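Student: Provided herewith is a single structure, encoded as structure tokens, for subsequent inquiry.
The values are calculated or read from the model by the stated rules, or taken from the named source; none is laboratory data. Model, not experiment: these values are computed from the prediction. FYI the Cβ positions are ideal-geometry reconstructions off the backbone, even for glycines, and counts take in every protein chain you see. The accessibility values were calculated without ligands, DNA or RNA, using every heavy atom of the protein model including side chains. Shrake-Rupley method; radii C 1.70, N 1.55, O 1.52, S 1.80 Å.
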Amino acid sequence: MVKKVAIIGAGISGLASIRSCLEEGLEPTCFEKGEDIGGLWKFSDHAEEGRASIYRSVFTNSSKEMTCFPDFPFPDDFPNFMHNSKLQEYITAFAKEKNLLRYIQLKTLVSSVSKRPDFSVTGQWDVTTEKDGKKESAVFDAVMICSGHHVYPNLPKESFPGLQLFKGKCLHSWDYKEPGIFKGKRVLVIGLGNSGCDIASELSHTAEQVIVSSRSGSWVMSRVWHGGYPWDMMFITRFETFLKNNLPTVISDWWYVKQMNARFKHENYGLMPLNGTLRKEPVFNDELPARILCGTVTVKPNVKEFTETSAIFEDGTVFEAIDCVIFATGYSYAYPFLDDSIIKSRDNEVTLFKGIFPPPLEKPTMAVIGLVQSLGAVIPTTDLQSRWAVQVIKGTCTLPSVKDMMNDIDEKMGKKLK
């Protein structure tokens, strides 16, 4: 019997999973809540509940040569770093070329995924879907979760005393689409990740004043690296990795900080990460240092408290008459269709072997694809993840014991905490 696999989400991870299933002779059915494929990269001019959302001006942070599926290069006339519309064009072309569209059910919400009564023997799942108000249930031999991690905005309101008194507008970067409505406004952006830097830089051209508040700073890299080449071609290499893994920590850390400060000294801009040697995921923004130099963006430390109209920072300075606060504070993980104990099996934290498999399952028939935060491009990463996951589901690859998998997770968590 051919194994049937349910794939949740038709973004990059979902398409990679469909293709891997077909290559291994499995039968995929992909359920996509939206009206089109593309996931995060399918731009919509309004944010939809339960879906990833991007702003109109988003460009890729990795270059096209390093970003493509290994057997499907980008067209020669595409730029090195692509606007979201170009990446969506590529994703659609890939799906058509590999004949994946026939396996996708659009406008279909997965409302529940649960183990069958005989799961310990068969490893099968009951998957319930909703389309046009009608519910349907089907049995699948495996489930691949490809719903991404830019879906549920993290709004840490409890971390900001007095925010309930604030009378201006509050929104998350998930809701942000374009700068027009902020013309002449005084805007506070909280968070110094990719979205926070992008939004602050973009707003600085139209808003009256933009302040970015950061708790811990960030390394800000340019897409243009040595000799004018894309950063990832020069930075993500076997040689760089060899140095990082084999040099003594002191030298490796010194070299890393030197590279991060090659374009400008972060300390002078108020951007220096609290612990500079930690390999905190860098932010990519070519414009931010210039906007800070020109005074159109100001960097401040964490907000100590809010009043009705202003924010008081930890250095004692105050930003008065704020019109809007944009929280670029990331996302939280949630799988509303799944029992929490399966993926959050310990202390409410996501416990997955190699970021893919939930260890406690009696049968390895569930995989999460695309949840990793890789330094480089996401497409080749999810492509490799899905190939391995499908071989495990098929039975041609076996996972280590639960004990060994949990030890591997603990070791990685230990390194992260350290």
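Student: Go through (1) at pLDDT 95 or above; (2) open to solvent by less than 60 Å² (accessible area, probe 1.4 Å) for Trp219 and report which single condition fails.
Tutor: (1)
Student: Please work out which one of (1) without any contact (Cβ under 8 Å) to a residue 24 or more places away in the chain; (2) more than 21 Å from Pro364 (Cα to Cα); (3) open to solvent by 60 Å² or more (accessible area, probe 1.4 Å) is the condition Asp340 fails and give its number.
Tutor: The number of the failed condition is (2).
Student: Turning to a different aspect of this structure: Just give me the residues in the range 113-139 being among the charged types (D, E, K, R), within 20 Å of Gly34 (Cβ to Cβ) and in a strand (DSSP E or B), in sequence order.
Tutor: Passing the criteria: Glu130, Lys131, Lys134, Lys135, Glu136.
Student: So which residues in the range 62-73 are surrounded by fewer than 21 Cβ atoms within 10 Å (Cβ to Cβ) and either among the hydrophobic types (A, V, I, L, M, F, W, C) or not in a helix (DSSP H, G or I) (or both), if there are any at all?
Tutor: Met66, Cys68, Phe69, Pro70, Asp71, Phe72, Pro73
Student: Pick from the range 300-319 the residues that are farther than 17 Å from Pro273 by Cα and part of a loop (DSSP other than H, G, I, E, B): which of them is most open to solvent (accessible area, probe 1.4 Å)?
Tutor: Among residues in the range 300-319 that are farther than 17 Å from Pro273 by Cα and part of a loop (DSSP other than H, G, I, E, B), the one most open to solvent (accessible area, probe 1.4 Å) is Glu308.
Student: Mind telling me which of the residues Gly50, Gly39, Gly14, Gly34 ends up being at pLDDT 95 or above and small (Gly, Ala, Ser)?
Tutor: Selected residue: Gly14, the only one of Gly50, Gly39, Gly14, Gly34 that is at pLDDT 95 or above and small (Gly, Ala, Ser).
Student: Residue check: is Ile322 of a type in the set (Val, Ile, Thr), assigned to a loop (DSSP other than H, G, I, E, B) and either open to solvent by 50 Å² or more (accessible area, probe 1.4 Å) or outside the structural domain of Gln391 (by the TED database) (or both)?
Tutor: So Ile322 fits the description; yes.
Student: Sticking with this one: If we keep just the residues of the range 89-112 that are surrounded by 20 or more Cβ atoms within 10 Å (Cβ to Cβ) and part of a helix (DSSP H, G or I), which is farthest from the chain's Cα centre (by Cα)?
Tutor: Tyr103
Student: Take the residues in the range 346-379 that are surrounded by fewer than 17 Cβ atoms within 10 Å (Cβ to Cβ) and among the β-branched types (Val, Ile, Thr); name whichever of them is modelled with the lowest pLDDT.
Tutor: It comes out as Val350.
Student: Within the range 386-415, how many residues are more than 19 Å from Ile7 (Cβ to Cβ), among the small types (Gly, Ala, Ser) and assigned to a helix (DSSP H, G or I)?
Tutor: Summing the residues that are more than 19 Å from Ile7 (Cβ to Cβ), among the small types (Gly, Ala, Ser) and assigned to a helix (DSSP H, G or I) in the range 386-415 gives 1.
Student: Residues in the range 8-27 that are surrounded by fewer than 24 Cβ atoms within 10 Å (Cβ to Cβ) and touching a strand residue (DSSP E or B) at 6+ places or on another chain (Cβ under 6 Å): how many?
Tutor: Residues meeting the conditions: 2.
Student: Hey, any hits in the range 280-288 for a residue that's within 21 Å of Trp231 (Cβ to Cβ) and open to solvent by 70 Å² or more (accessible area, probe 1.4 Å)?
Tutor: Checking the range 280-288: at least one residue is within 21 Å of Trp231 (Cβ to Cβ) and open to solvent by 70 Å² or more (accessible area, probe 1.4 Å).
Student: Okay, next question. Does at least one position in the range 58-81 carry a residue that is over 20 Å from Met233 (Cα atoms) and out of contact with any strand residue (DSSP E or B) (no Cβ under 8 Å at 6 or more places or on another chain)?
Tutor: Within the range 58-81, none of the residues are over 20 Å from Met233 (Cα atoms) and out of contact with any strand residue (DSSP E or B) (no Cβ under 8 Å at 6 or more places or on another chain).
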